[in-house]
Amino acid sequence: MVICLKNGNDHLKVTASNGNTYNPTWYNFLKDNSKDMTQIIDKMHKRVLTHATYASAANVLLFYINGNRSHAVHKITL
């Protein structure tokens, strides 16, 4: 899941070794791998909403299947 941040929250972006900044990426817990995709999306959505820092800074959540980053599977606008 990629957390697309609102404008003005560049300090929360991840800085790569080349100096570029990127939106943070979260992965689901390994124990949830056997669950249905909609259950995983719901749990990760709740994780962001309860996170002290990202709850107010997140604008959009984009969900992808590992290995296929060309098309988002699900999009949640906060």
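For region 18-68, a residue qualifies if it is among the hydroxyl-bearing types (Ser, Thr, Tyr), in a helix (DSSP H, G or I) and loosely packed, with under 15 Cβ neighbours inside 10 Å, and the qualifying residues are Thr38, Thr50, Ser56. Filtered by the rule that a residue be outside any strand (DSSP E or B) and not polar (S, T, N, Q), region 69-78 gives Arg69, His71, Ala72, Val73, Leu78.
Where a number appears in this text, it was derived from the coordinates with a stated rule and is not lab data. Bear in mind the structure is a predicted one, so any value in this text is a computation, not a measurement. When we count neighbours, we look across all protein chains shown, and the Cβ atoms used for this are built from the backbone with ideal geometry, even at glycine.
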